[in-house]
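Student: Below is the structure I would like to discuss, written out as structure tokens.
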Amino acid sequence: MVDENEVKGAAREFGGRVQDALGGLAGDAKTQAEGKWNQAAGRAQRSFGGAIDDVIDGVQDKPIAALAAVAGVAFLAGWLMRK
């Protein structure tokens, strides 16, 4: 299943590539830098979407293990906050 962040990230990355190329052709360093920034941001957003998909798949495949992990984290957080 493709997450919305994966689609938006891929679109932003592509837009950044176009922006980078146009800035290079026009000799505009600012546009080129913005394009590189958008490429990096798009890759990060796409990776985040992929990670979310992996978590959702893991919870669906092993719900008891996921519940145990959440309970363990909650217990540890409670134990650390009591002091």
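No value in this document is a laboratory result; all are computed from the given coordinates. What you see is a predicted model; the values in this text were computed from it and never measured. Methodologically, a virtual Cβ is constructed for each residue, glycine included, from the backbone with ideal geometry; neighbour enumeration extends over all protein chains shown.
Student: If the elastic network links every pair of Cα atoms under 10 Å, which of Gln45, Gln60, Gln32 fluctuates the most in the Gaussian network model of the chain?
Tutor: Fluctuation is largest for Gln60.
Student: Given axes a ≥ b ≥ c from the Cα gyration tensor, I'd like to know whether the chain is rounded (a/c under 1.5), prolate (a/b larger than b/c) or oblate.
Tutor: oblate
Student: I would also like to ask the following. With a cut-off of 8 Å between alpha carbons and a minimum separation of six or more residues, what is the relative contact order of the stretch 4-81 in percent? Could you put the intermediate results ahead of the total?
Tutor: Working: 75 pairs, mean separation 24.6, N = 78.
Contact order relative to length: 32 percent.
Student: If R0 is 35 Å, what FRET efficiency do you get for Phe75 and Val18 from their C-beta distance, rounded to 0.05?
Tutor: 0.10
Student: Give me the angle, in degrees from 0 to 90, between the Cα long axis of helix 63-81 and the longest principal axis of the Cα atoms of the chain, rounded to the nearest 10.
Tutor: The two axes meet at around 80 degrees.
Student: To the nearest 10 degrees, how steeply does helix 4-26 sit against the main Cα axis of the chain, on a 0 to 90 scale?
Tutor: Helix 4-26 and the main axis of the chain meet at about 20 degrees.
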